[in-house]
1. Sequence neighbours fewer than 8 away in the same chain don't count; with that in mind, list the lysines whose C-alpha is under 25 Å from Lys2.
2. Go through segment 53-146 and name the trypsin sites (Lys or Arg not before Pro) that are in a DSSP coil and have 15 or fewer other Cβ atoms within 10 Å of their Cβ.
3. Based on other C-beta atoms within 10 Å, arrange Thr108, Thr135, Thr142 from fewest to most.
4. Karplus couplings for segment 82-97 from phi (6.51 cos²θ - 1.76 cosθ + 1.60, θ = phi - 60°), rounded to Hz, Gly and Pro as x?
5. By the scheme Lys and Arg +1, Asp and Glu -1, what is the net charge of all other residues having a beta-carbon under 11 Å from that of Lys51?
6. Where both partners of a DSSP beta bridge lie in segment 14-128, what percent of those bridges are antiparallel, to the nearest 5?
7. How long are the three semi-axes of the equivalent ellipsoid for segment 14-128, computed from the Cα gyration tensor as the root of 5 times each eigenvalue, in whole Å, largest first?
8. Under the definition of Cα pairs under 8 Å and six or more residues apart, what whole-number percent is the relative contact order of the chain?
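Quick note: the coordinates plus some simple rules give every number you see, no bench work behind them. Everything quoted here is computed from the prediction, not taken from an experiment. Every residue, glycine among them, receives a Cβ derived from its backbone with ideal geometry; neighbour counts consider all protein chains shown.
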Amino acid sequence: MKDIEKYFTTSEQATEQVAFEIAQKMESGSLIALIGNLGTGKTVFARGFAKGLGIKDIVCSPTFNIVREYPYKNNKWMYHMDLYRINDSAAALSFGIEDYINNPDAITLIEWPERISDILPADMISVEIKRLNDTNREITITRQTL
């Protein structure tokens, strides 16, 4: 069964606010797939999400680092991954991605998750961001329930 929520935003700030509110309801151990083309706002979403967790650090795209780690309350972590430069799940496994996606004390956000779809769990949360025009976005959040 799927639980689906839709949001429409008209600015980066509005996208951040949606992510902020979602983060406040999220539990440790959650895996979030951020889906969308280049420039749709995946990193903007991650920035708002981090603020919702109380993270004060500047959140930027981890494209060249692949993973950025952000500590937050009670020894919890937010991992923000960008797999744009990863070819497949074998490459991701070689850098230890399973430690990130299976950490019960972390929330993991993954940009370009389709590159490793064969190793992602079915119960992850999908956040699809569509660019409607220069400022407007449609955000669809899908939770798979088993």
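1. Lys25, Lys42, Lys130
2. Lys56, Lys73, Arg85
3. By the 10 Å Cβ count, ascending, the order reads Thr135, Thr142, Thr108.
4. Working through the residues one at a time gives 10, 9, 4, 8, 9, 7, 6, 5, 4, 5, 5, 5, 5, 9, x, 4 Hz.
5. -1
6. 30 percent
7. So the equivalent ellipsoid measures 20, 16, 13 Å along its semi-axes.
8. Answer for the chain is 36 percent.
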